[in-house]
1. Using Cα pairs under 8 angstrom and six or more residues apart, how large is the relative contact order of region 35-106, in percent?
2. Say each of Ala28 and Asp74 gets a label point 7 Å from the Cα, pointing the same way as Cα to Cβ; how far apart are those two points in nm?
Amino acid sequence: MTSKTGGGLDDIVIGSTPVAEEVRAEKALNPLSDANWDTLAPVAAMKIEPIQFGRGNARILRNSERALRQLAADLKSFPQYYLRVVGHTRHEGDPGANRRLAVQRAEAAAQFLRDLGIARHRIRAIASERASERLQGAAAQSVTFELLGNPY
């Protein structure tokens, strides 16, 4: 087999033609007021490895950074949704201090995602409203991620 230029199969380079890879552009989501955040409907719980923090603080441990990087990549694939980061702590101890720590941890995870390019107004960090009895072990001292969208 020869090409029109007279060369043989050696003239053909497989994969040399660039294939246009279509990536969803980030949809422009509007910043939300507190009242608007309350109207969003849960779409999915984002399942990732529990994010680990330093004991009694909101410093994200290095081994959890990979999970957050993957979450940021996933969020870029779903630009039409918002994200709620919910901080959890154990129910033992001072409730006020636990709530502050839960908010600090949620905000630390949210900031990490913002630093990776997720728009600030797409993320809201909060503390869980109830003690984390349903979460066990390390997860009770972590954060969870809820994908949210406008209700139909």
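1. That works out to 28 percent.
2. 2.9 nm
Values quoted throughout were computed directly from the atomic coordinates according to the rules given, and no laboratory measurement underlies them. Computed from a predicted model, the values in this text were never measured in an experiment. Positions of Cβ are generated from backbone atoms using ideal geometry, with glycine treated the same way; all protein chains shown enter the neighbour counts.
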